[in-house]
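**Student:** There's a structure below that I have some questions on.
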Amino acid sequence: MSKLVSRALLVSALVLAGGSAVLADAPPPGPPMMMPPYMLRPEPPTGDRLAPGGDGKVLFEVHCGYCHLLGGMGTNLLTKQRMMMGETPDKGMLANRTDLTADYVKSVVRVGKGAMPAQTRVDVTDAELQAVSKYLGKAG
């Protein structure tokens, strides 16, 4: 039996017996791992997702934050694109953009663009998308 399997069996037996196992060659505990911002999204609002008037910022963070908050794949890709166009890195964050219109946001969300897949009305309801597009659509 390999050393690894023997250790696993020993630890399992101790845990099942109500004990705890501290192995001599286990690495010392380090500082707690910080979660990237895109993983720290708020809880989805409760209530009727079809009702108009939701908070666009919160809904953006809930539905779009996986990719479009700091550290997300969408933000990283957009930052690279915007920098290649001579803009500053902060323009990779959709919330910092001033050139987006509400209609453009709605179109990209429903149709998709590049690496971004289309979002269905189950993913983001029309009412939620209206609030998000109003939040991001600073260009009119």
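**Student:** Give the residues of segment 72-127 that are exposed (fewer than 12 other Cβ atoms within 10 Å of the Cβ), touching a residue at least 12 places away in the same chain (Cβ under 8 Å), at negative phi and of a type in the set (Gly, Ala, Ser), sorted by residue number.
**Tutor:** Correct list: ALA115 only.
**Student:** Mind listing whichever residues of segment 109-140 are in a helix (DSSP H, G or I), closer than 14 Å to CYS64 by Cβ and either in contact with a Leu (Cβ under 9 Å, 6 or more places away or on another chain) or modelled with pLDDT under 95 (or both)?
**Tutor:** Those that are in a helix (DSSP H, G or I), closer than 14 Å to CYS64 by Cβ and either in contact with a Leu (Cβ under 9 Å, 6 or more places away or on another chain) or modelled with pLDDT under 95 (or both): VAL109, ARG110, GLU128, LEU129, ALA131, VAL132, SER133, TYR135, LEU136.
**Student:** Another question about this same structure. Is it true that GLY71 is modelled with pLDDT under 95 and either of a type outside the set (A, V, I, L, M, F, W, C) or over 25 Å from PRO36 (Cβ atoms) (or both)?
**Tutor:** yes
**Student:** Please tell me if VAL58 is touching a Pro at 6+ places or on another chain (Cβ under 7 Å) and modelled with pLDDT of 95 or more.
**Tutor:** For VAL58, the condition - touching a Pro at 6+ places or on another chain (Cβ under 7 Å) and modelled with pLDDT of 95 or more - is met.
**Student:** Just need a number here: residues in segment 86-108 that are closer than 25 Å to PRO45 by Cα and assigned to a helix (DSSP H, G or I).
**Tutor:** Residues in segment 86-108 being closer than 25 Å to PRO45 by Cα and assigned to a helix (DSSP H, G or I): 10 in total.
**Student:** Within segment 18-27, does at least one residue satisfy the condition of being exposed (fewer than 12 other Cβ atoms within 10 Å of the Cβ), more than 22 Å from ALA139 (Cβ to Cβ), at pLDDT 85 or above and among the charged types (D, E, K, R)?
**Tutor:** No.
**Student:** Being assigned to a helix (DSSP H, G or I), of a type in the set (A, V, I, L, M) and free of Cβ contacts under 8 Å to residues at least 40 places away in the same chain is the filter here, so list the residues in segment 46-71 that pass it.
**Tutor:** Residues satisfying the conditions are VAL58, VAL62.
The values are calculated or read from the model by the stated rules, or taken from the named source; none is laboratory data. Quantities reported herein were computed from a predicted structural model and do not represent experimental measurements. Virtual Cβ from ideal backbone geometry, glycine too; neighbours counted across all protein chains shown.
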